[in-house]
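Taking it in order: structure first as structure tokens, then the write-up.
Nothing in this text is a laboratory measurement; each read-out follows from the coordinates by a stated rule. None of the values given here were measured: they were computed from a predicted structure. Don't worry about glycine lacking a Cβ; one is built from the backbone with ideal geometry, like all the others, and counts go over all protein chains shown.
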């Protein structure tokens, strides 16, 4: 077994340490020595405590991840406007539909994040991932063309998620 350096022991997950430290400083609204010391203590303690739970950190391709983040944020904004129009408008324009989105892989992170993105985008809710069947059950508030919705989900979200995690169609986690 490889002997860990002091730096590796103190910061088992450096990215998490950075996020925790910055988050504390933002919450404290201060760069005073006490706040900096507390940020350092939390940046060491929290990742150390949770290290057993995140022992396997996936390799992530960051450029596609950043692009997907902006796509999802944009889609959430646009979807909020569209849902508001549908909900506040005449109900005869609502065409709720259930449909299944077939999954290209059995990779747990890809499929879980895909379901989460579907759920956070207003107007759609994922009802469940069926890994054995290989699909996600989705409810759309209004859809005239479920096939177009499926194609959009796969191209806008699933394919970039597969790029982010370096997954090929049919891959397991």
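Taking the fewest neighbouring Cβ atoms within 10 Å as the starting point, the ordered list for 99, 15, 53, 165 is 53, 15, 99, 165. If you work out Cα Rg over 2.2 N^0.38 Å from the coordinates, which of (1) 1.32; (2) 1.17; (3) 1.84 do you get? Correct label is (1). Note on residue 148 and residue 63: with the Förster distance fixed at 25 Å, the Cβ-Cβ geometry gives a FRET efficiency of about 0.35. Build a GNM of the chain with springs between Cα atoms under 10 Å: which of 68, 25, 113 gets the top mean-square fluctuation? Ranking 68, 25, 113 by mean-square fluctuation puts 25 first.
Centre-to-centre, using Cα atoms only, segment 128-173 and segment 12-37 are separated by 36 Å. Take every Cα pair under 8 Å whose residues are at least 6 apart in sequence, average their separation, divide by the length of the chain, and the relative contact order is 23 percent. Dividing the mean sequence gap of close Cα pairs (under 8 Å, 6+ apart) by how many residues segment 6-54 holds gives a relative contact order of 50 percent. Restricting attention to the chain, close to 90% of DSSP beta bridges with both partner residues there are antiparallel.
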